[in-house]
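The structure appears below as structure tokens.
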Amino acid sequence: LSQIDKSSLNEIRRYQRPPGHIMCLLSAVAFALGEPQDWSSIALLLGDPKLLERMAMLHTTKVADSTYEQLSEMLQPANFDTQRISNISQACSLLCRWISALHQFWSIER
């Protein structure tokens, strides 16, 4: 999270229609935060000044099994291609690493 900054988030917000793999990533981030997963809601979320703080708090939160399982589905390789995401956007690469780390944390805490 320390490498994600406002300019990185603004880079992502500039998409008018994010590529499919990027949208899968952003949907997973929004889902983890309990937010709607449509692009207009995600764009607003990326502009939230407390977004990074909210993201950091998730690493201290227990999660319901159903939430963990839904996130696991979202992060399946068919939908979530980390290499492709990294090739498209450095900022998204950072979010990708964060959501993967969060998923791993939740799997340990179960």
Output the residue which, of all residues in region 44-68 that are part of a loop (DSSP other than H, G, I, E, B) and modelled with pLDDT under 90, is surrounded by the most Cβ atoms within 10 Å (Cβ to Cβ).
VAL63
How many residues of region 2-40 are assigned to a loop (DSSP other than H, G, I, E, B), within 17 Å of THR82 (Cβ to Cβ) and open to solvent by 30 Å² or more (accessible area, probe 1.4 Å)? The answer is 2
Name every residue in region 69-102 that is hydroxyl-bearing (Ser, Thr, Tyr), modelled with pLDDT of 90 or more and either under 24 Å from SER2 (Cβ atoms) or crowded, with 16+ Cβ neighbours inside 10 Å (or both), in order of residue number.
SER93, SER100
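The values are calculated or read from the model by the stated rules, or taken from the named source; none is laboratory data. Computed from a prediction, not measured in an experiment: that's the story for all the values here. Neighbour counts are summed over all protein chains in view; Cβ atoms, including those assigned to glycine, are modelled from backbone coordinates with ideal geometry. When the accessible area is computed, the model is the full protein with side chains, heavy atoms only, and any ligands, DNA or RNA have been set aside. Shrake-Rupley method; radii C 1.70, N 1.55, O 1.52, S 1.80 Å.
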